[in-house]
Amino acid sequence: MKKLLFLFLTLSLSLPVISQTVYYYPPGYFGLFNNQSTSARAQGMGFTTLTKPGIENSFYNPAAIGSSKAPIQAYANYANGHSYRPKSRYYFAGAAFKIKEKFSVGLTYFSYQNPDPVWTTIIGGNTFDTDFFSQRAISILAAYQIMEGLQVGLSANMMQENAINGEKTNADFMPSLGLQYERGINLFKSEKLSNQRVFGALSLYNFLFNGETNQEYEGWISVNYLPIILRLGGGYAFQLPLTSGLTAGKGYFEGAAQAVDLRLDLQFQDYLPGGPENSTDDELNTAFGVGAEAWFFGRLALRIGYFTEKGPSGTQSDGDLWVTGNRKGFSWGYGTLIPTYQLTDGKMPFDIEVNLVTGKQITSLNEKIYTHPGIFADDTFQFAFGLNLLWR
């Protein structure tokens, strides 16, 4: 059945002359590095994960667990969908603890799962049918405050891919290093602007520069590029007074700041050279994101962002044409902070932050030039849900 479907897709996308269209798979562990985020909040802001605090962003920058003010962090996230892997699902869970005031440790699990995938798996030039494709990363993290506002983080990431019916085909160790910096600043002099802050961050994933991963199954072997990822980020936040007779001192908004907190984040990502001889995978997957967020009365949040990621284009040496171009588009999201600590008079020692993304996916499909099979066009809806427990 899989081979018939694959043949149908190939034929349906063939050009009438001498070439056929090709869908692009990014290199090693694409489901974890190139698809959906571990944070619904950051995803709604153009995938700007790097400067934000909390365990939910630690897969991209391990210093994030140190930037959180909470003594205990617990987070879970779910996301679905992809342009041409429509049944994809993404699960993330993590927890972090402040051992001392300046030292935090954490543990996370991130999983990409694709049940009944459209595509087969090709290893060493041989094609294998599969009913289940998955990737996962288990990360052990530590962060330390070097000086006021400056956090350094380190993570040990154990990666594994099960490319054929849940069987392990490759496993790799990819450590990462990151920095986060936050500083109060009086950038704009105005009585209405308060709590002005600037943010800076960088991370290097796979800093040992081990750029190869060996994919093996039944004696067949493929040597592929293992991503070495540099990320840079910056941000600015401030607060403006905002009063409302509908919310001030009432129920859900009791004790909330009569203000709106605004934030802008920027992020850049680049794959660095490495890997097998003559590999050019590092020339793709360069990405840029920008996102804005507004928290009203510390309870309700609205977010918007824009994200673009470089993909292949044009004609390959064998005459095939890439269906996909750059992945780009707008994202948006929203959220709320439920003050459970206050509402239960301290019986629940944490507040609950809920973040959502609902809307059209940021897609890789070039729909202006190509007509895609219905299996890729039916599910363009993006859903992501993040649940954050913020201990007091």
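Distance between Cα centroids, segment 137-170 to segment 65-99: provide it in whole Å. The distance from the Cα centre of segment 137-170 to that of segment 65-99 comes to 12 Å.
What FRET efficiency comes out for THR344 versus PHE173 if R0 is 56 angstrom and r is the Cβ-Cβ distance? Round to the nearest 0.05. Show your work: numbers first, answer last.
On the way: r = 43 Å, r/R0 = 0.77.
With a Förster radius of 56 Å, E is 0.85.
Less than 5 angstrom separates the built amide H of HIS372 from none of the residues sequence-distant by 5 or more or on a different chain.
Could you give the angle, 0 to 90 degrees to the nearest 10, between helix 2-12's Cα long axis and the longest principal axis of the Cα atoms of the chain? Taking the Cα atoms of the chain, the angle to 2-12 is about 90 degrees. Sequentially through segment 67-83, phi angles give Karplus couplings (6.51, -1.76, 1.60; θ = phi - 60°) of 6, 5, 7, 6, x, 10, 10, 9, 8, 9, 9, 9, 9, 9, x, 6, 3 Hz, Gly and Pro residues having no value and appearing as x. Each residue of segment 263-280 was assigned a 3J(HN,Hα) from its phi angle through the Karplus curve 6.51 cos²θ - 1.76 cosθ + 1.60 (θ = phi - 60°); the sequence is 8, 10, 10, 10, 8, 10, 10, 9, 7, 8, x, x, x, x, 4, 6, 6, 10 Hz, with glycine and proline shown as x. When each of the peptides 208-216, 220-228 is scored by how many other beta carbons lie within 10 Å of its residues on average, the order from highest to lowest is 220-228, 208-216. Extension gain for TYR144-VAL223 works out to 24.8 nm (0.36 nm per residue, less the C-alpha to C-alpha distance). Over segment 17-391, accessible surface divided per residue gives 44 Å², non-protein components excluded, 1.4 Å probe.
I need the peptides 301-307, 175-181 ranked by packing, meaning the mean over residues of other C-beta atoms within 10 angstrom, with the highest value on top.
Details: 301-307: 20.6, 175-181: 22.6.
In decreasing order of mean packing, 301-307, 175-181 become 175-181, 301-307.
Helices in the chain, meaning DSSP H runs of at least 4 residues, each add -39500 (n - 2.57). Divided by all residues, the mean residue ellipticity at 222 nm is -1500 deg cm²/dmol. Rounded to the nearest 20, the size of the Cβ-charge dipole of segment 17-391 about its Cα centre is 1560 debye, with Lys and Arg at +1 and Asp and Glu at -1. Among the listed pairs LYS102/LYS189; LYS52/LYS102; LYS52/LYS310; LYS328/LYS368; LYS310/LYS368, which have their C-alpha atoms separated by more than 20 angstrom in this model? Long pairs (Cα-Cα over 20 Å): LYS102/LYS189; LYS52/LYS310. Note on the chain: dipole from Cβ charges, positive end direction compared against GLY28, TYR236, ILE146; the farthest Cα belongs to TYR236. With no solvent and one equal point scatterer placed on each C-alpha of the chain, evaluate the Debye formula and give log10 I(q)/I(0) for q = 0.06, 0.13 Å⁻¹, two decimals. Debye output, listed in q order: -0.25, -1.10.
If you run the Gaussian network model on the chain, springs between alpha carbon atoms under 10 Å, then out of GLN267, GLN196, GLN361 the most flexible one is GLN196.
For LEU154 and ILE185, compute 0.36 nm times the residue count separating them, minus their Cα-Cα distance, and round to one decimal in nm. Could you put the intermediate results ahead of the total?
Numbers: separation 31, 0.36 × 31 = 11.16 nm, distance 2.76 nm.
Contour length minus Cα-Cα distance gives 8.4 nm.
Quick one: pull the percent of accessible area on segment 17-391 belonging to carbon and sulfur, 1.4 Å probe, ligands and nucleic acids left out. In segment 17-391, the share of accessible area belonging to carbon and sulfur is 60 percent. Less than 5 angstrom separates the built amide H of THR130 from those of THR121, all sequence-distant by 5 or more or on a different chain.
Note on the chain: GNM, Cα springs under 10 Å; of ARG183, ARG85, ARG263, the largest mean-square fluctuation is that of ARG183.
The values are calculated or read from the model by the stated rules, or taken from the named source; none is laboratory data. Treat the numbers as computed from the prediction; the structure is a model and nothing was measured. Here Cβ is always computed from backbone atoms with ideal geometry, including for glycine, and neighbour counts include all displayed protein chains. Protein only, heavy atoms only, side chains kept; ligands, DNA and RNA dropped before computing areas. Shrake-Rupley method; radii C 1.70, N 1.55, O 1.52, S 1.80 Å.
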